[in-house]
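A short write-up of the structure that comes next.
The values are calculated or read from the model by the stated rules, or taken from the named source; none is laboratory data. Only a predicted model underlies this, so the values are computations on that prediction, with no experimental measurement involved. Quick reminder, even Gly has a Cβ in these numbers, built from the backbone with ideal geometry, and neighbours come from all protein chains shown. Accessible surface is based on the protein model in full, side chains and every heavy atom, while ligands, DNA and RNA are left aside. Shrake-Rupley method; radii C 1.70, N 1.55, O 1.52, S 1.80 Å.
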Amino acid sequence: MKRIMGALLSLTMIASLAACQKNSTKDAAASKPATTTTTTTEKHPGDDMSLDELVKAAQKEAKAENAGEFMVYAPTSRLEKAMKAFTEAYGIKGEVYHESGQDLYTKLTTELEAKAATADVALLQDAYLFQTQMRNYNYVINYVPKDLKDKIKADEQNPLVCYYYNKLFIYNNQDGAKGVSNIWQLTEPEYKGKIFIKDLSKESVNKNFLAMLTKPENAEKLQAAYKEYYKKDIKLDEDCQNAGYQFIKAFLPNVSYGTGDGDIATDLSNGNGNNYGLIVFSKLRDDSVNQEKLTVSALSEQAIQPLSGFMYPMYMQIISSTDRPYTARLFINFMMSKEGFEAAFHTKAKDIGTYSGNSTIESLKGDKNLDFWKEKLIVEDPEYLQQAYASGVLDFITMAAAYQK
């Protein structure tokens, strides 16, 4: 039934997607409630089940005559590997629908509004869209596996963080390049056209990073870094509320935009010395990237102050309309376990750049653990992002991106 209803919705979804792509993030925010809420907190019998109890309930659920197809929506194809391992472990079949960015949210919300959702579980990135398009409508149910709760930090339990990605300032170390030690150096004329990030219209988490710079505590760090580098207090332009806004205004005119982090990483390693990229760390594992020519600022003796990039969470949630609640909980339990996480994200020695919300799962050799990265990077905050976008930060980012020095 789920598959049939999903097909009937396809034309409606396409029209909705086309309209959505024409709208800015601000437009999307305007159609959403301004209040901040949390995920559904109603207790379900499966919430307090042990793993053994959950396995039995999920297997019984899967064998029921009216059992719908178990489906997971995700922005990465890597969950297909996890689903295969899940089936092998518990004998329960399922499928993964892979879509990225706003497209995934459009598909989900279109189905949910029509009360015909096909997804049982969703892995979701972009804290702003997650907050405004899913949490604020109670479209998702938060679940923390009972047997793993003591291994997941309290501030990562609601909403549940399955894992993190990090985007880092990485530079080409050829031609004697030593990199910069202060982030304000990247606003200087000598770096115009030498900093590469993914097109903001195609990568909303990059916009979230910029918006997070305006959060007072981050702006204070930028203000202190400005004084440290220039030996004087920062003077804010009239349209800049704090040092975060001032940095965005000075930084974006120096930026060149690429179509994807993988391509940027490859081009960066084959390009000129002292070129910079702000890209997903995991892309350095690609065979097309010459790692020897690249230096990760956060891992060098001269790390960029006061921050070396940003980190964003991937939330795993139960879709509120699921007809497979026990299977959904079992799958989340599996993904938060060492077996499930490694089946998806640690399939080879080069699988750097993905960090489990289960604190007992270590990073691979050549990488650092999550606590290290949290100290070096800005982390997305869904509630602050909702406030920032509502106050017009996207208009400011768009203006700064279009400005030419």
Being out of contact with any Ser or Thr (no Cβ under 8 Å at 6 or more places or on another chain), without any contact (Cβ under 8 Å) to a residue 24 or more places away in the chain and not in a helix (DSSP H, G or I) narrows it down to one of GLU301, GLU292, so name that one.
GLU301
Show me the helices (runs of 4 or more DSSP H) found entirely inside segment 10-86 where at least 1 residues are at pLDDT below 85, out of contact with any helix residue (DSSP H, G or I) (no Cβ under 7 Å at 6 or more places or on another chain) and over 27 Å from ALA127 (Cα atoms).
10-22
Examine segment 301-308 for a residue that is of a type in the set (Val, Ile, Thr), modelled with pLDDT of 95 or more and within 19 Å of THR118 (Cβ to Cβ), and state whether such a residue exists.
no
Restricting to segment 224-273, what's the tally of residues that are open to solvent by 60 Å² or more (accessible area, probe 1.4 Å), part of a loop (DSSP other than H, G, I, E, B) and of a type outside the set (D, E, K, R)?
5
Is one or more of the residues making up segment 365-381 aliphatic (A, V, I, L, M), over 18 Å from the mean Cα position of the chain (by Cα) and surrounded by fewer than 19 Cβ atoms within 10 Å (Cβ to Cβ)?
no
Please specify each residue of segment 149-178 satisfying the condition of being more than 19 Å from ASN369 (Cα to Cα), of a type outside the set (S, T, N, Q) and modelled with pLDDT of 95 or more.
LYS149, PRO159, TYR171
Limited to segment 282-311, what total is found for residues that are in contact with a Phe, Trp or Tyr (Cβ under 6 Å, 6 or more places away or on another chain) and open to solvent by 10 Å² or more (accessible area, probe 1.4 Å)?
1
PHE396 being assigned by the TED database to the domain that holds LEU104, touching an Asp or Glu at 6+ places or on another chain (Cβ under 9 Å), of a type in the set (Phe, Trp, Tyr) and at pLDDT 95 or above:
no
Pairs where the first residue, in segment 172-183, is in the same structural domain as GLY277 (by the TED database) and the second is open to solvent by 50 Å² or more (accessible area, probe 1.4 Å) and in a loop (DSSP other than H, G, I, E, B), C-beta under 8 Å, 6+ apart:
ASN172/ASN272; GLN174/ASN272; ASP175/ASN272; LYS178/GLN302; GLY179/GLN302; VAL180/GLN302; SER181/GLN302
Can you tell me which residue in segment 58-70 is farthest from LYS93 (Cα to Cα), limited to those that are hydrophobic (A, V, I, L, M, F, W, C) and open to solvent by less than 20 Å² (accessible area, probe 1.4 Å)?
ALA58
Of all strands (runs of 3 or more DSSP E) fully inside segment 104-216, the set with 1 or more residues that are open to solvent by less than 10 Å² (accessible area, probe 1.4 Å), farther than 24 Å from PRO325 by Cβ and in contact with a Lys or Arg (Cβ under 7 Å, 6 or more places away or on another chain) is 161-172
Take SER356 and tell me if it is assigned by the TED database to the domain that holds ALA122, at pLDDT 95 or above and under 16 Å from the mean Cα position of the chain (by Cα).
yes
Just checking, does segment 322-334 include any residue being in a strand (DSSP E or B) and at pLDDT 95 or above?
no
Pick from segment 83-103 the residues that are open to solvent by 60 Å² or more (accessible area, probe 1.4 Å) and within 24 Å of LEU200 (Cβ to Cβ): which of them is farthest from the chain's Cα centre (by Cα)?
HIS98
Which numbered condition in (1) outside any strand (DSSP E or B); (2) among the hydroxyl-bearing types (Ser, Thr, Tyr); (3) buried (at least 18 other Cβ atoms within 10 Å of the Cβ) is the only one that THR347 fails?
(3)
Cβ-Cβ under 9 Å pairs, at least 6 apart or on other chains, segment 377-405 side among the small types (Gly, Ala, Ser), far side open to solvent by 80 Å² or more (accessible area, probe 1.4 Å)
ALA390/LYS26; ALA390/ALA30; ALA390/ALA34; SER391/GLN241; GLY392/LYS26; ALA401/TYR257
